[in-house]
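Q: Here it is, the structure in full.
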Amino acid sequence: MSNEERFPHVAVLEPGEPCSDVEVLTPRDVPLGGPRAMSVRRTLPQRKRSLVGSWCFLDHYGPDDVSVTGGMRVPRHPHTGLATVSWLFSGEIDHLDSAGHAARVKPGELNLMIAGRGITHQEISPDETTTLHGVQLWYALPESQRFSDNHFEHYVPDAVIPAPGVSARVFLGELAGSASPVDTRTPDLLGAELTLQAGASVTLDVRRDFEFAALAETGDAVVNGTEVAHGSLGYVAVGSDTVRLASGDADARILLLGGVPFGEQIVMWWNFVGRSHDEIVEFRERYQAELGFEPGDTADPLFGDFPTGQPAPLPAPVLPNARLRPRE
């Protein structure tokens, strides 16, 4: 089936012509909690756009002075039906999960945790971290993989030079002649960091059936001719086989995410991704029972054991009175 048949609502562009219809999504500030709440800038999800490909969550934080913010202190909490991507620009974070994986997240190094049917983990910045700066990303797992075993993978991508004054690190998928070997269990996915010197630009060959989101991570950026302010996300729909990125009068760092439109409805609440309100209710009940917050059936554990001597886990919030609605 051709792209035109798969996406009949998308204007057909000439080869090499970038889509000029860029939607700019502005972030909202969200405190992560604690006595000195660490604030993050969240661009996904939001009311007008829930997913880009299978990417369903994007938190952008820093650079933060840890002596002021307290750093990242996210105790044990659950995930289902998704994968988390931790990507840092400065500082470090210690990851620990119920599948037995312990790793230190460092700048320029991918740490991918596939939750599958269920996992718990914690993320805590070590004492030696003085400045914390990075992104936390999630992508939804397709129906065929969302109840699969959990998994953790570490990968350090090399930098490539796709144009003068431009450097790229491809941590998931393929771009600019660089391919990540990481198995995402989600076909057709892209994640890359690009750094552009002041006044630099690059035209990237991309898949026409992908949609993209470019985060102006450091400084302002220009995405297919549209200015995207620092911290905002420039969305590009399917239909173009190139994406053009540029910096302004200062250096810029851009996080480029992409993928084939997900094509499945999801229900996302707190740290769970499911397919229905009732499924989310079940995930919450099982987590609360397994960790001893509320009575319930613990005969078939979902979230696994955890090493002793760690900070107390987070209880799940109370569900809203209204039924959770699916998004796509």
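The values are calculated or read from the model by the stated rules, or taken from the named source; none is laboratory data. Quick caveat, the model's predicted, so the values are computed rather than measured. Heads up, the Cβs are rebuilt from the backbone with ideal geometry, glycines too, and the neighbour counts pull from every protein chain shown. Calculation scope for accessible area: heavy atoms of the full protein, side chains included, ligands and nucleic acids excluded. Shrake-Rupley method; radii C 1.70, N 1.55, O 1.52, S 1.80 Å.
Q: When all protein chains stay in place, what accessible area (Å², nearest 10, 1.4 Å probe) is found for SER178?
A: 20 Å²
Q: Work through the residues other than ALA237 whose Cβ is under 10 Å from its Cβ and net out their charges, Lys, Arg +1 and Asp, Glu -1. Intermediate results must be reported in sequence, preceding the final value.
A: Values: positive: none; negative: ASP21, GLU23, GLU211.
Result for the neighbourhood of ALA237: -3.
Q: Within 14 Å, Cβ to Cβ, of VAL160, how many net charges do the neighbouring residues add up to if Lys/Arg are +1 and Asp/Glu are -1? Display every interim value, and only then the final one.
A: Numbers: positive: ARG169; negative: ASP158, GLU174, GLU193, ASP205.
Local net charge: -3.
Q: May I ask you to give the percent of accessible area on the chain that is carbon plus sulfur, with a probe radius of 1.4 Å?
A: Details: 6890 of 14320 Å².
Roughly 48 percent of what the probe reaches on the chain is carbon or sulfur.
Q: Rounding to the nearest 10 and keeping the result within 0 to 90°, find how far the Cα-based axis of helix 277-290 lies from the longest principal axis of the chain.
A: 50 degrees
Q: For a quick protection proxy, order the peptides 50-60, 238-248 by their average other-Cβ count within 10 Å, most packed first. Don't skip to the end; give the middle numbers.
A: Values: 50-60: 23.1, 238-248: 21.0.
Going by the mean number of other Cβ atoms within 10 Å, highest first, we get 50-60, 238-248.
Q: Taking R0 as 41 Å, what's the FRET efficiency between VAL281 and VAL24 from their Cβ-Cβ distance, rounded to 0.05? Please list the in-between numbers first.
A: Details: r = 36 Å, r/R0 = 0.87.
Plugging the Cβ-Cβ distance into 1/(1 + (r/R0)^6) gives 0.70.
Q: Oh, and also: Ranked from highest to lowest mean number of other Cβ atoms within 10 Å per residue, what is the order of the peptides 265-277, 108-120?
A: Details: 265-277: 19.2, 108-120: 21.8.
Most protected by this proxy first, the peptides run 108-120, 265-277.
Q: On to the next question. Where nothing but the Cβ of Lys and Arg (+1) and of Asp and Glu (-1) is charged, how large is the charge dipole of the chain around its Cα centre, in debye to the nearest 20?
A: Working: 26 positive and 45 negative charges, 137 e Å.
With only Lys, Arg, Asp and Glu charged at Cβ, the dipole is about 660 debye.
Q: Net charge around ARG47, counting only other residues with Cβ within less than 15 Å of its Cβ (Lys, Arg = +1; Asp, Glu = -1)?
A: Working: positive: ARG28, ARG42, LYS48, ARG49, ARG325, ARG327; negative: GLU23, GLU328.
Cβ neighbours under 15 Å give a net charge of +4.
Q: Over region 106-251, what is the relative contact order in percent, taking alpha-carbon pairs closer than 8 angstrom and at least six residues apart?
A: Values: 265 pairs, mean separation 27.9, N = 146.
Relative contact order of region 106-251: 19 percent.
Q: Right, something else. Between PHE89 and residues 5 or more places away or on another chain, which pairs have amide H atoms under 5 Å apart, with H built 1.01 Å from N, and which residues are they?
A: Close amide H contacts, sequence-distant or interchain: HIS133, GLY134, VAL135.
Q: Where a ≥ b ≥ c are the square roots of the eigenvalues of the C-alpha gyration tensor, would you call region 162-273 rounded, which needs a/c under 1.5, or, failing that, prolate if a/b is larger than b/c, or oblate?
A: Values: a/c = 1.80, a/b = 1.49, b/c = 1.21.
Since a/c reaches 1.5 and a/b is larger than b/c, the shape of region 162-273 is classed as prolate.
Q: Also, I was wondering about something else. How large is the accessible surface per residue of the chain, computed with a 1.4 Å probe and reported in Å² as a whole number? Can you show the working numbers first?
A: Values: 14320 Å² over 328 residues.
Each residue of the chain exposes 44 Å² on average to a 1.4 Å probe.
Q: Mind sorting out which of (1) 33, 24, 17; (2) 38, 26, 18; (3) 40, 23, 19 is the real semi-axes √(5λ) of the Cα gyration tensor in Å computed from the coordinates?
A: Checking each listed value against the structure points to (1).
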